[in-house]
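*Asks:* Take this structure, written in structure tokens, and hold onto it; I'll ask about it next.
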Amino acid sequence: MGKRLPYTPTSKIRAALRQLFLRSRERAACLKTAGYKCSKCGVKQSMAKGREVKVQVHHKEGILNWAELFEAVRRFLLVEPGKMEVLCEACHEKVTAQEVRQEKRALRSEYQQQDRLDAEIAAECEETGLNEVQLGEMKLKEREELCVNQRHS
């Protein structure tokens with residue numbers, strides 16, 4: 001038998017993600033919504049002996065970003081031991097709660113900034129009588145003209 005790797009192999013990550021998906025509420029909801037029938041031919045899932053038919057859930061957009069999923073798992077979850085620490089349950093809950101509060105504050109700040117930008121855009125739209133798309137196109141033309149003028153000067 002070969003030497004044990006110092007990190008979790010990609011095959012284990014893929015198997016764990018597959019199990020997560022197979023047990024997910026989203027997958028169950030998709031099956032239920034479809035009535036456990038194939039959306040192409042209409043055949044229904046059956047467990048009847050001799051007439052077993054299985055239906056599967058397919059991602060319409062595909063899962064083309066497996067490498068990104070693996071990278072995210074390795075980057076945020078399966079990190080090197082030096083980036084982790086051992087805590088008792090009570091301390092872990094305290095630290096996690098503090099991190100969650102900090103994340104919420106950061107998100108709140110981002111949302112407030114986005115709300116301010118949205119308000120500015122709405123005011124400009126009202127002022128100019130243009131919708132958001134028209135306003136965006138106008139600003140893009142202004143920038144292009146500015147770039148052309150800067151190149152000629």
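*Asks:* Against the definition (outside any helix (DSSP H, G or I), exposed (fewer than 10 other Cβ atoms within 10 Å of the Cβ), under 20 Å from the mean Cα position of the chain (by Cα) and among the charged types (D, E, K, R)), how does E61 come out, yes or no? Before the answer, list the steps.
*Replies:* Details: outside any helix (DSSP H, G or I): yes; exposed (fewer than 10 other Cβ atoms within 10 Å of the Cβ): yes; under 20 Å from the mean Cα position of the chain (by Cα): yes; among the charged types (D, E, K, R): yes.
Spelling it out, E61 is indeed outside any helix (DSSP H, G or I), exposed (fewer than 10 other Cβ atoms within 10 Å of the Cβ), under 20 Å from the mean Cα position of the chain (by Cα) and among the charged types (D, E, K, R).
*Asks:* Still on this structure: Could you say whether any residue in region 66-84 is surrounded by 10 or more Cβ atoms within 10 Å (Cβ to Cβ), over 30 Å from P6 (Cβ atoms), in the same structural domain as P6 (by TED's automatic domain parsing) and in contact with a helix residue (DSSP H, G or I) (Cβ under 8 Å, 6 or more places away or on another chain)?
*Replies:* no
Yes or no, residue by residue, for (1) over 25 Å from the mean Cα position of the chain (by Cα); (2) in a helix (DSSP H, G or I); (3) in contact (Cβ under 8 Å) with a residue 40 or more places away in the chain; (4) loosely packed, with under 10 Cβ neighbours inside 10 Å:
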residue: A90; (1), (2), (3), (4): yes, yes, no, yes
residue: T96; (1), (2), (3), (4): no, yes, no, no
residue: V100; (1), (2), (3), (4): no, yes, no, no
residue: E103; (1), (2), (3), (4): no, yes, no, no
residue: L107; (1), (2), (3), (4): no, yes, no, no
residue: Q114; (1), (2), (3), (4): no, yes, no, no
residue: E120; (1), (2), (3), (4): yes, yes, no, no
residue: E124; (1), (2), (3), (4): yes, yes, no, no
residue: E127; (1), (2), (3), (4): yes, yes, no, yes
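*Asks:* Provide a single number: the residues in region 16-27 that are surrounded by 11 or more Cβ atoms within 10 Å (Cβ to Cβ), more than 15 Å from K54 (Cβ to Cβ) and among the aliphatic types (A, V, I, L, M). Spell out how you get there, then give the answer.
*Replies:* Let us first name the residues in region 16-27 that are surrounded by 11 or more Cβ atoms within 10 Å (Cβ to Cβ), namely 16-17, 21-22, 24, 27.
Now drop any that are not more than 15 Å from K54 (Cβ to Cβ), which leaves 16-17, 21, 24.
Narrowing the set further to residues that are among the aliphatic types (A, V, I, L, M) leaves 16-17.
So the count comes out to 2.
The values are calculated or read from the model by the stated rules, or taken from the named source; none is laboratory data. This structure is a prediction, so every number in the text was calculated from the model and none was measured. Virtual Cβ from ideal backbone geometry, glycine too; neighbours counted across all protein chains shown.
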